[in-house]
Protein chains: 2
Amino acid sequence: MMKKVKTALSVLTMAIGFAATGISVSVSAAEPTLSKADFEKAQLHYFQRCAGCHGVLRKGATGKNLEPKNTLKKGQKRLEKIISYGTEGGMNNFDDIFSKNEISNLATFIQMTPPVPPEMSIEQMRSHTKEYVALKDYPTKPMHGLNWKNFFVVIERDAGTAAIIDGDTKKIITHIDTGYAVHVIKGTEHHKVDHAKDVGRFWYTIGRDGKVNKIDLWQTPEKMLVAETKMAYDARDIAVSGDGKYVIAGGYWPAHFVIMDAETLNPLKVISTRGVNTKGEFINEARVAAIYTTPNEPTFMVAVKELGQMWQVDYRDIENLTITQIDSTEFLHDGFFDPTGRYFQIAANASNKMVIVDSQTRKLEAMIDVESLPHPGPGANWNDKECGPVGGTTHLGTGLVSVWGNDPIGHPDKAWKLCYEVETDGAGAFIRTHENSQFVWADQLKHPEPEIQQSVQVFDKDTHEIVKTIRVTTEPGKAALHMEFNKGGTEVWVSVWNRKDAKNPTGEIVVYDAKTLKEIKRIKGLTTPTGKFNVYNRMNHKT
Amino acid sequence: MMKKVKTALSVLTMAIGFAATGISVSVSAAEPTLSKADFEKAQLHYFQRCAGCHGVLRKGATGKNLEPKNTLKKGQKRLEKIISYGTEGGMNNFDDIFSKNEISNLATFIQMTPPVPPEMSIEQMRSHTKEYVALKDYPTKPMHGLNWKNFFVVIERDAGTAAIIDGDTKKIITHIDTGYAVHVIKGTEHHKVDHAKDVGRFWYTIGRDGKVNKIDLWQTPEKMLVAETKMAYDARDIAVSGDGKYVIAGGYWPAHFVIMDAETLNPLKVISTRGVNTKGEFINEARVAAIYTTPNEPTFMVAVKELGQMWQVDYRDIENLTITQIDSTEFLHDGFFDPTGRYFQIAANASNKMVIVDSQTRKLEAMIDVESLPHPGPGANWNDKECGPVGGTTHLGTGLVSVWGNDPIGHPDKAWKLCYEVETDGAGAFIRTHENSQFVWADQLKHPEPEIQQSVQVFDKDTHEIVKTIRVTTEPGKAALHMEFNKGGTEVWVSVWNRKDAKNPTGEIVVYDAKTLKEIKRIKGLTTPTGKFNVYNRMNHKT
């Protein structure tokens, strides 16, 4: 016997903008049930905290498959325990974020058939497109006397804002309203063949809710938010074309990418990424995990996570759009270019590999075996005395930095092979360095122990030895993550996440001297500061 | 109140090879119901006779949208009438094919929520791959003393066979088992940049059931079927790469195309065509209507019907597959190249346009407004005294041949504009000519009157006047369709479809003298002969 319940999804509709289509949800007698209100709340919590790793259709990716065929076997009690306390396999604990009742409902929800979210047409996207400042009112020069090329654009994750911080004075200039839990912010960059106007001036945010915001750093603070649109219900990454004309953003749901007019954010073209993975199976939830501008080519790099494919998208003619689908392995997550801008280095984290794509030939170049769940975040490139140019990554699954040669022309025998590894105290998400610095920094965000989670480690480029472990904060419920150098490479900025008190501006950024590794300043008044983007470094590919 | 029925799809499973997944079908109280047996039979009938134009998800394409939101308004009686007697809008009558009871069940079925058919993985396809003759046993020269380059490969639609007919003696050499209702058969062709071995020797059939068969014309008749696979549940077209290494076939469901090893038919790569149409809407049933080899480029042309896009697929590196998605308009159906092999001319039949794609620049070249539902079938190119090189099409919706200039280099002022039109007595599906002939032939298959449906019309390339109307058959329940010239261009072969008596070999091919237009011979013993492919003409692009 089967019965059928109809869910209006109204909470989700309000919260993340799902069309009020009233999705039908099928529930078999074997599946547990929830009241409509509890179902909707659990669905929202699932979307916010679980879908990233497990998928909205719960087929699994970085996280496990959570379809009823698997979850019903585990049962309510065991599922509640896993959600509460996490697992050694990489599952986070949520007992500090959700109440017992919320965890119980989540455990029930994942034993029910996953509802399929609606599609989003280009017309729907366009209905969200807003102009806050008219193009004709854009200034022709910076309207403030500040050194905007040393600004830091900072994600304030749980506030749904981006802070603009003056790197010289370390003062917060403004907080700009953005989408929910912005994942990445990208600006125009110097490009080898295409040339954008006013490189570094315009920045684009992508929210977890698919909202895109355009920021103009030449404006006075209150006018910096100049345009907005929405291109998905769930999204992760964004990039600007080398010529500055197009913005491209990638959806988790619907599984697609959208090319927008960079001036107005008007959506111009939608390309579905639903497809067939490298094993020959159709994947409905084939999510766009990462999107980058290719520094030397008129193309975007689009990582289609579940397909195990990098799609190199030529933006020269979007009505006759050319895409090269480069096969590698699942599940593609986050990456960065080598110093020449030719090779894209991306983590296939569930496969424990770094995948290297040659953007010049538009082909797979290599795959490098690394440890458990590589995750470079913004990544780091530097020169090694023996291996020559190298790249490095942290790992979500283990306290280890892996370093590989990335110069196949100057150092062919070292290229795409592990050069060395540095053990750290805990698994982390972000690695960073600067050409003017002797050191490489790695965070340890994923380690469950506060002492380690709150510390970052610094190693020497020549000795490969950890030279300092820096406890960035000691406050309970806080963690240290994500490093960014200032324009000159003389300072390192580290975020302190107020994970537990995420509704208040009790987070901070701690600034260290890049040479002495001593604390210089604490920038307070930030809410869950996460990724930070120094204008000069980003526009000049200083990774 | 909603209830839920579970349908095992067993009839369909047996008949067309759907995986026995037991699809769940949701039925609202407002929808009528059918017994399980009647549902399955109606679903099979729908698949065989309706899905081509209306789609399995019934979103509509060449035919109307048949989702319950529309069909429930029409109601049982009106729907039965439309299915029985057709409409002036182009809907066929089915009172001669289905019983009253079958029509009643079909009318009910289309008021119910459409069941979604399953996916097909590459592993499933591979489980169908069969080698009837081992590669090592392929002969090194023709094993019969016949003039194989004047063979005709003939689709016997309702028998699920292909007949091989000797063009010199007009004798049927063999009937080869193929998939259900083969739509197209293609062989290797002469190519400008790539060169296949033994051009014209190997032929590939694609069945409506997705079955692919490989035919070796050098074999003795009983061994001509050398390999087989299955790449979809529903399919329409196939092509061979210029180098003869790959076969590519397009699916209606799943919406994808598959690249196979042309030697073994082993499926190598599957690409989903589900995507976003030119209006910015996601289309789940984005079907591959037509696939052609590009004569001058290392690419395939893939027409994605519902997206209104031609996908030009570069086959040089299938692990780093490059596709150019060329926007035009819906719904792309069937096409042919111009004589130079550079421009692909395809009907967007529901838009009443011919779409021209430049395979050299991989861009849209032009769109030409024509009359109701253009359908060129194999197409026809010839020289006009005034316009120079021209192409022409028949129309499914009206008795008219439209002729346009197709030489933008030699005759730029005439290119991609209508040169002239010739009125015929009835709407047709196929047009054909030959460089050695003074005449162009058009059938009138879609006209409801037997006298017209059974006649083809011939017009003069210089005067643009109909010179003869040829009644190919007078037998009730038969129709005349599809013309093909022999190798020398001295004969025209016309099919006589035994539409009503489709289970018996009572169809025939009537051979006419291409100059005098007089009947030479009737080749009997064929079951619903449809498309015919002369080896020499097809390998040399004689359209």
Averaged per residue, what accessible area in Å² does the stretch A:117-163 show with a 1.4 Å probe, protein chains only? 48 Å²
Using a 1.4 Å probe on the protein heavy atoms only, what accessible surface does A:Ile466 show? Give it in Å² to the nearest 10. 60 Å²
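How large is the helix-only mean residue ellipticity at 222 nm for chain A, computed as the sum of -39500 (n - 2.57) over DSSP H runs with n ≥ 4, divided by its residue count, in deg cm²/dmol to the nearest 500? Let's see the in-between values first.
Numbers: 9 runs with 66 residues, N = 543.
It comes out at -3000 deg cm²/dmol, rounded to the nearest 500.
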Which order do A:Leu34, B:Leu135 take when ranked by solvent-accessible area (1.4 Å probe, heavy atoms of all protein chains), largest first? B:Leu135, A:Leu34
Here the stretch A:520-526 yields Karplus 3J(HN,Hα) values (6.51, -1.76, 1.60; θ = phi - 60°; whole Hz; Gly and Pro given as x) of 9, 6, 10, 8, 9, x, 10
Taking the Cα centroid of the stretch A:298-373 and of the stretch A:168-210, what is the distance between the two, rounded to the nearest whole Å? 22 Å
Long-range amide H partners of A:His256 with built H, under 5 Å: A:Gly251, A:Thr273, A:Val288
Quantify how strongly other chains surround peptide A:265-277 by giving the mean number of their Cβ atoms within 10 Å of each of its Cβ atoms. 4
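In Å², nearest 100, what accessible area do chains A and B bury in total when the solvent probe is 1.4 Å?
Numbers: alone 21050 and 21020 Å², together 39450 Å².
The summed interface area works out to 2600 Å².
With the cut-off at 28 Å, tell me which of the pairs A:Lys36/B:Lys77; A:Lys305/A:Lys461; A:Lys245/B:Lys363 have Cα atoms farther apart than that.
Numbers: A:Lys36/B:Lys77 39 Å; A:Lys305/A:Lys461 32 Å; A:Lys245/B:Lys363 21 Å.
Too far apart for the 28 Å limit: A:Lys36/B:Lys77; A:Lys305/A:Lys461.
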Ordered shortest first, which distances in nm separate the 7 Å Cα→C-beta label point of A:Leu517 from those of the other copies? 9.5
Using a 10 Å cut-off on Cβ to Cβ distances, tally the other chain neighbours for every residue of A:112-124 and report the average as a whole number. 2
Let me know the Rg and Dmax you get for chain A when you use only its Cα atoms, in Å. 22.3, 71
Using θ = phi - 60° and the Karplus form 6.51 cos²θ - 1.76 cosθ + 1.60, what ³J(HN,Hα) does each residue of the stretch B:332-337 get, whole Hz, x for Gly and Pro? 5, 10, 9, x, 7, 7
Nonlocal amide H pairs with B:Glu491, under 5 Å, H built at 1.01 Å: B:Asn486, B:Ala514
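With the cut-off at 20 Å, tell me which of the pairs B:Lys136/B:Lys223; B:Lys214/B:Lys500; B:Lys186/B:Lys542; B:Lys211/B:Lys487; A:Lys141/A:Lys542 have Cα atoms farther apart than that.
Details: B:Lys136/B:Lys223 14 Å; B:Lys214/B:Lys500 29 Å; B:Lys186/B:Lys542 14 Å; B:Lys211/B:Lys487 29 Å; A:Lys141/A:Lys542 25 Å.
From the list (B:Lys136/B:Lys223; B:Lys214/B:Lys500; B:Lys186/B:Lys542; B:Lys211/B:Lys487; A:Lys141/A:Lys542), the Cα-Cα distance tops 20 Å for B:Lys214/B:Lys500; B:Lys211/B:Lys487; A:Lys141/A:Lys542.
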What Cys residues in chain B are without a partner cysteine, judged by a Cβ distance under 4.7 Å? B:Cys50, B:Cys53
Summarise the accessible area of chain B (1.4 Å probe, protein heavy atoms) by the percent that is carbon and sulfur. 50 percent
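What translational diffusion coefficient, in µm²/s and rounded to a whole number, does the Stokes-Einstein relation yield for the stretch B:217-266 at 4 °C and a viscosity of 1.567 mPa s, taking the hydrodynamic radius as the Kirkwood radius over Cα pairs?
Values: Rh = 11.8 Å.
Translational diffusion coefficient: 109 µm²/s.
Would you mind giving the mean number of other chain beta-carbons within 10 Å of the Cβ of each residue in A:495-507, as a whole number? Don't skip to the answer; put the middle values down first.
Values: counts 0, 0, 0, 0, 0, 0, 0, 0, 0, 0, 0, 0, 0.
Per residue, the average neighbour count from other chains is 0.
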Whole Å is fine, so just give me how far the alpha carbon centre of the stretch B:238-271 lies from that of the stretch A:496-528. 56 Å
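When the convex hull of the Cα atoms of the stretch B:121-259 is projected onto a plane and the area is averaged over all directions, what value comes out in nm²?
Over all viewing directions, the stretch B:121-259 projects a mean Cα-hull area of 8.4 nm².
Net charge near B:Glu421, counting Lys/Arg +1 and Asp/Glu -1 over other residues with Cβ under 13 Å of its Cβ?
Values: positive: B:Lys417; negative: B:Asp369, B:Glu371, B:Asp384, B:Glu423, B:Glu465.
It works out to a net charge of -4.
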For B:Ile173, which sequence-distant residues (separation of 5 or more, or a different chain) have an amide H within less than 5 Å of its own amide H, given hydrogens modelled in the peptide plane? B:Ile164, B:Ile165, B:Asp166
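Which links in A:Lys69/A:Lys279; A:Lys353/A:Lys521; B:Lys468/B:Lys521; B:Lys149/B:Lys353; B:Lys353/B:Lys524; A:Lys64/B:Lys130 stretch past 27 Å when you go from one Cα to the other? Could the numbers behind the result be given before it?
Numbers: A:Lys69/A:Lys279 22 Å; A:Lys353/A:Lys521 37 Å; B:Lys468/B:Lys521 18 Å; B:Lys149/B:Lys353 35 Å; B:Lys353/B:Lys524 38 Å; A:Lys64/B:Lys130 36 Å.
With Cα atoms farther than 27 Å apart: A:Lys353/A:Lys521; B:Lys149/B:Lys353; B:Lys353/B:Lys524; A:Lys64/B:Lys130.
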What number comes out for the charge environment of A:Met231, summing +1 per Lys or Arg and -1 per Asp or Glu over other residues with Cβ under 14 Å away? +2
Whole-Hz Karplus ³J(HN,Hα) for the stretch A:246-254, in order, using 6.51 cos²θ - 1.76 cosθ + 1.60 and θ = phi - 60°, x for Gly and Pro? 10, 10, 10, 10, x, x, 7, 9, x
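Would you list B:Lys69, A:Lys74 from the most to the least accessible area, probe 1.4 Å? Please report the intermediate quantities before stating the final value.
Working: B:Lys69 130, A:Lys74 105 Å².
Output order, biggest surface exposure first: B:Lys69, A:Lys74.
In the stretch A:84-185, which trypsin sites (Lys or Arg not before Pro) fall in coil by DSSP and have 15 or fewer other Cβ atoms within 10 Å? Kindly include the intermediate steps, with their values, before the conclusion.
On the way: sites: A:Lys100, A:Arg126, A:Lys130, A:Lys136, A:Lys149, A:Arg157, A:Lys170, A:Lys171; in loops: A:Lys170, A:Lys171.
Of the trypsin sites (Lys or Arg not before Pro), the ones in loops of the stretch A:84-185 whose Cβ has at most 15 other Cβ atoms within 10 Å are A:Lys171.
Loop by DSSP (not H, G, I, E, B), at most 14 other beta-carbon atoms within 10 Å: where is the longest site-free stretch of chain B for GluC sites (Glu not before Pro)?
Working: sites that count: B:Glu88, B:Glu319, B:Glu386, B:Glu435, B:Glu465.
It runs B:89-318.
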With a cap of 16 neighbouring Cβ atoms within 10 Å, and only residues DSSP puts in a loop, list the trypsin sites (Lys or Arg not before Pro) found in the stretch A:285-351. A:Arg316
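If the viscosity is 1.567 mPa s and the temperature 4 °C, what translational diffusion coefficient in µm²/s does Stokes-Einstein give for the protein assembly as shown when Rh comes from Kirkwood over Cα pairs?
41 µm²/s
The values are calculated or read from the model by the stated rules, or taken from the named source; none is laboratory data. No experiment lies behind these values; they were computed from the predicted model shown. Every residue, glycine as well, gets a Cβ built from its backbone with ideal geometry; the counts of neighbours run over all protein chains shown. Remember, those area values only see protein heavy atoms, side chains included, never the ligands or the DNA or RNA. Shrake-Rupley method; radii C 1.70, N 1.55, O 1.52, S 1.80 Å.
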